[in-house]
Amino acid sequence: MNKTSMIKRLTSKITVIGYCLLVIGISSCSDFLEIPSRSEIILEEFWNEKNDVDNVVAGCYSRMQGEDVLQRFIVWGECRADNVKAGNRIDKDANLDNVLKENITTKNPYTGWDGFYSVINRCNTVIKYAPGVAAVDPGYTESELKATIAEVSAIRDLMYFYLIRTFRDVPYYTYAFTDDDQPMDLVPTPFEAVLDSLITDLEVQQNNAMKRYAITDTYYQTGRITKCAIWAMLCEMYLWKGDYDNCIKYADLVINDKKELLKERPNISGSISGSSNDSRTNGFPLSTGGLSGSSYGSFYGDIFTSGKSVETIFELLFSPLNKSLAGRKGSGWPGNYGAGRLYGYASSSAMNDAFLDASSVVSGDGGRTSGRYVYANENYYADSRLYINCHQGTGDAIRKFVTQSVSVGQASNHTSKPSVIYGTYYTHSVVDKVDYYENSSSWVIYRMADILLLKAEALCQKLQEGSTQEIVAYNTPYLDQAFTLVNAVNKRAVAQPISSLTDTLQRSKYNTKSEMEELVLKERQRELMFEGKRWYDLVRRSMRDGNTDVLCEAMANRESTNASYVNNFFGNSGTGMWAIFWPYNDEETKVSANLAAHQNPAFSSGETNIQK
């Protein structure tokens, strides 16, 4: 590579390639999300009217859909964690194989962050040039300009949030690189400083963001940034900051906004209808799409394939099987997770073994009381997520994202298998090469179940240790609230009628901070499996605890992972807390003295510094 860094590669010309975007089911050629592609448009000749701004905003979303970004959502968020192991097609991706083995070097392409900085620079470019367009285009109002700035600022902040959770300290800038002569060798900004800046920015921008898109803009409410999406980001950012009251505050804003939306648009996809469904979700606005007397789990299709679920807050949307429609196709998960019943580069780990012999489950618990298995709770066999996440009969084949719809038959009781399991798969062209164009599952970045569990985690952190009468009296309301949130997410997934769900989870089993904290962490793993959340949950827990004990325990249980190696690497007092973050890519440190000087010390030699 030439003497150029990840930022230097952002040239003085803006390439508006691939700005035809995102969304399914749009027919109007003038629609925001169906902009024709353009190439090599000189900046000064481009920014003349609102439509030009809209084109580049669309390009910010389109760039997030790029394979290099989408795959990193998966690899960074899942492939160092305990949900996945190597699949039978891992020979097609040696770099991912090394990640799964925790054999990461600075030369591994998955340490590259170019796509994220490309999105960031596009957002910064909009912020730089949009005010000038508003000055010359009378049709571009001040309120519209502010909404544009809020939208791209939030996208930029989301990209930085991924970067700091992955690398810890990263180059942080809020100005556009449009000139090759601009200095590029930036010093990495500390994690805490970047996080504070993101929060400060979003606190301001929430006031200008769109709250509702027109009901005729079918997919905008979930496919573009809204106030609700910003509140979801603030909810999670405050949790990482350790400001639990503000985390709860923004979770409540999200919950209330979704309840308002349901009242305004009662026919929205996946709407809660009927007292039984309301009881199942404890009154929270979770999708219950398709729940009926004997069919469960079909909320999956509503969330991941409808593009307009009541539960979804923000998602990246992809075109359906009809290739003539505009928008990118889902190109990240088919290779990583497989297609149809095919294995992918990654598969489900032994932690998720859901298909033990039924007799061993009925007679005992199949070893689940050890705590190793993800579904070690009162409903482990009736939980429809067992069959949503993994393929029945071949428990290590991933089903989520490569399946169009899932319907799980009713289980006779909480320890028996559901009677019937259905799955409609995306097809593939040839056995060895998945046709990416045939997968249109949404990549959901925030949804209601995620927010409910983030709030539950914050409530856990307000609990006090001890068993005195005063502490019990203080803790009980927080324990009750946290349990109600977890139980709502859990009950929605159980393949049983509401009349059989009185003991879905038993509140009496969770009376201490550690017990409730463990319940929340496990429920997040069950509900959000393969959605790019698990590694970040473990990193957040490690940062809060000041040690990697929970992370090491989880990693040691993953199949094909050497427990002693994991404990030596992540548990090492000198490098352990740094080891939970990724190293800077070798190509970046070669051209940036500041990055080289601040390389992750756990990888300072270019590879993991622990003898295998």
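Where a number appears in this text, it was derived from the coordinates with a stated rule and is not lab data. The shown structure was predicted, so the numbers you read here are calculated from the model rather than taken from an experiment. Ideal geometry is used to build each Cβ from the backbone, glycine not excepted, and the neighbour counts take in all protein chains shown.
For this structure, a couple of remarks:
- Other-chain or far-sequence residues with amide H under 5 Å of Gln404's (modelled H): Thr424, Tyr425, Tyr426
- Pairwise centroid distance, computed over Cα atoms, of the range 494-557 with the range 83-140, Å: 29
- Entries in Lys101/Lys417; Lys462/Lys522; Lys128/Lys258; Lys85/Lys509 that, when Cα-Cα distance is taken, lie over 22 Å: Lys101/Lys417; Lys128/Lys258; Lys85/Lys509
- Between Glu142 and Ser279, the FRET efficiency from the beta-carbon distance, with R0 = 45 Å, is close to 0.45.
- Our coupling estimate for the range 72-85, obtained by passing each phi through the Karplus curve with A = 6.51, B = -1.76, C = 1.60 and θ = phi - 60°, is 6, 3, 6, 5, 5, x, 10, 7, 9, 9, 9, 6, 10, 9 Hz, Gly and Pro reported as x.
- Under 5 Å, built H, 5+ apart or other chain: amide partners of Tyr446: Ile313, Phe314
- Length released on extending from Asn547 to Asp185, taking residue separation times 0.36 nm less the Cα-Cα span: 127.1 nm
- Full extension of the chain between Glu260 and Gln464 gives 70.0 nm of extra length, using 0.36 nm per residue less the Cα-Cα distance.
- Potential extension, Glu607-Thr424 segment - 0.36 nm per residue separation minus Cα distance: 61.7 nm
- Under 5 Å, built H, 5+ apart or other chain: amide partners of Ser384: Val494, Ala495
- Between Asp243 and Ala473, the FRET efficiency from the beta-carbon distance, with R0 = 25 Å, is close to 0.50.
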